[in-house]
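Here the structure comes first, spelled out in structure tokens, and everything after it is commentary.
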Amino acid sequence: MSLATIQRPVEALPPPVPVRAPRRRLFALAAAVLLAQMAIAMVTTAVTQTPTVDEPVYIGATVVQLQQHSLRYNPEHPPLGKLIMATGLAFADVHLDPGFQGDQTELGRHVLYESGNDPGALLLAARLPMIVLTLLFGVVVLLFARDVTNTSGGLVALALYTFSPDLIAHGSLATLDVPAAGFLLTSAWLLWRARTDPGLYLPLAGLALGAALATKMNTLAAVPVLLFLAFWHARVKAVLVMVLVAVAVVWASYLAVDPLLRWETPPGLPGAPVGLLPFPEPYLDGMRVQLGFENRVWGGYLFGTHYEGSHWYYLPAALLVKTPLGALLLWAAGAVAMVERPAAAYVLAPAAVLLLVAMTGNRDLGVRYAIFVPMFLAVAAAVVAHRRYAALAVVAVAASSLWTFPYYLPYSNEIFGGPSKTHLHLHDSNVDWGQDLGRLAERLKRYSGERKWLVYKGSGVPEHYGISAADPREVPPDQVQGLLVVSNTAIAKADDVLRALIDTSTPIDVVGHSITIFRRP
């Protein structure tokens, strides 16, 4: 008897559980519905919110780029994100005094409120391109997840993306966090496809990587991971093309603003070993500005405690508060299930490196510094789309997201009390970023005839919205009578004077979950 006849046959592994893919039309319809509801949520948010803290700075810098072809404002961020905003502002007929002198904060106030422009129209013009871009990144999530799993997985990933309160909140603002993260996600997806066709997809991956680098400098942390992935499956020459394309995009973004690249290094920049990077001098100086920010001591607020400095665990804790419970479940299950798959290197590794680097930062100011997490982990969740609990988890995410409409910025999940309780756990861009000044003006009409005192945290100008109020910290406490209106971030960071005023007042109303109205006898 031969060895072959006595050898026990090897049992075949059971086939994977089949997942019924929706028909093409049904798949396209479901994707369109998910993107449409996200678009409605973001446009509604964009129309109803007044300027957040950072938006006037970006808008002012964009206007100077458009009209004066100058890079002198907001050098700490590369120009591509502002060039995207310019696609909307170019049609807004923005007025700017060519002789204006002031810093970037004063510039933003000047453009929005002091130059005869309509601040609401300018905000919407700058926000709309970002909304479109956020929706396009949703398509990337869908395609990436479908490539890694199947069409059902793609729809689960898209649902988590489009119902994410953080992505809706920040995707509807004229800021840079979502665009930078979305370009990185796009680069990772194109690298995944480059495994089978590097000649086509590596240059495209370089284009997306360059766009990320030309939008926000924190994306540099992902470069080693993405380059390693490129070297893993491609020849050196092909990867070199990717790198050259990425560098060219960064240079092109600066030259698009100022073809002559006229630039004067700001005084007092900290020294840093960045001179060997192949980027324009204003980019390198912008990195030095960012390093200067990291050398400062910032204040944070977490779970009811205000502190100086930073906590390494701040971002994971903030994500735990501000992520829907169903998404947390699917993120965790998807990440565990994906670890053994090749896709983990393209989905989990970039997100993990970015998060670890962000956790070392000194600015505990919001989950927007980790906005890439809901993007990448939505793709990871696609791996468990066939599990029985996946559909229930997606429904729970949708319900939680719709529940907070249209107050997405102050969202927190049900365990932490929902959006009305977020200010008890977090502050700043997690809950109160100055977005409700217009809503406050409408609410104060109910209290006509009462003296008003205001401590507002934001970049809006209260007088523009018809709010006439004095600062209660500038007069003796016994003169503060009537309505005391305080932004919740100011409450979290209150000094002894403001704390005493709040403790001797009665809360009577709340505006947008971000501003509290007290009455003082």
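Throughout, read-outs are computed from the coordinates displayed, never taken from laboratory work. Owing to the predicted nature of the structure, the values given are computational and were not obtained by experimental measurement. Quick reminder, even Gly has a Cβ in these numbers, built from the backbone with ideal geometry, and neighbours come from all protein chains shown.
Ranked highest first by average number of other Cβ atoms within 10 Å, how do 303-309, 290-296, 148-154 line up? Don't jump to the answer; show the numbers that get you there.
Values: 303-309: 10.6, 290-296: 13.3, 148-154: 23.0.
So the order, starting with the most tightly packed, is 148-154, 290-296, 303-309.
Size of segment 24-290: Rg and Dmax of its alpha carbons, in Å, are 19.4, 59. Which shape class, rounded, prolate or oblate, goes with segment 299-428 when its Cα gyration tensor gives a ≥ b ≥ c as root eigenvalues, a/c under 1.5 marks rounded, and past that a/b bigger than b/c marks prolate? Oblate. Sorting the segments 460-471, 129-140, 158-169, 49-60 by their mean number of nearby beta carbons within 10 angstrom, highest to lowest, gives 158-169, 49-60, 129-140, 460-471.
The HN-Hα couplings worked out from phi for segment 430-438 by the Karplus form 6.51 cos²θ - 1.76 cosθ + 1.60 (θ = phi - 60°) are 6, 8, 9, 10, x, 7, 10, 5, x Hz, whole numbers, x standing for Gly and Pro. This ranking places Lys82, Lys493 by how few other beta-carbon atoms lie within 10 Å of each, fewest first, which gives Lys493, Lys82. Packing here is the average count of other Cβ atoms within 10 Å per residue, and on that basis the peptides 478-489, 241-252, highest first, run 478-489, 241-252.
Using the alpha-carbon atoms, what tilt in degrees (0 to 90, nearest 10) does helix 281-294 show relative to the longest principal axis of the chain? It works out to around 70 degrees.
Principal-axis analysis of the Cα atoms of the chain puts helix 24-48 at an angle of about 20° to the longest axis. For Gly482, nonlocal amide neighbours, meaning residues 5 or more places apart or on other chains whose placed amide H falls under 5 Å from its own, are Arg520. If the chain linking Leu26 and Arg341 were pulled fully straight, counting 0.36 nm for each residue of separation and taking away their Cα-Cα distance, it would gain 110.6 nm.
By DSSP, what percent of the beta bridges with both residues in the chain are antiparallel, rounded to the nearest 5? All intermediate terms of the calculation are to be shown ahead of the outcome.
On the way: 15 of 20 bridges.
Here the antiparallel bridges make up roughly 75 percent for the chain.
Full extension from Asp503 to Asp471: what is 0.36 nm times the residue separation minus their Cα-Cα distance, to one decimal in nm? Walk me through the numbers before you get to the answer.
Values: separation 32, 0.36 × 32 = 11.52 nm, distance 1.68 nm.
Result: 9.8 nm gained on full extension.
Taking amide H atoms as placed 1.01 Å from N in the peptide plane, the amide H of Asp509 lies under 5 Å from those of Ile517, each 5 or more residues away in sequence or on another chain.
Simple spin-label estimate for Leu269 and Leu392 gives 5.6 nm between the two label positions (7 Å along the Cα-to-Cβ direction from each Cα).
Relative to the longest principal axis of the Cα atoms of the chain, the long axis of helix 325-338 makes an angle of roughly 30 degrees. Farthest towards the positive end of the charge dipole of the chain, among the residues Thr105, Gly300, Tyr313, is the Cα of Tyr313, using unit charges on the Cβ of Lys, Arg, Asp and Glu.
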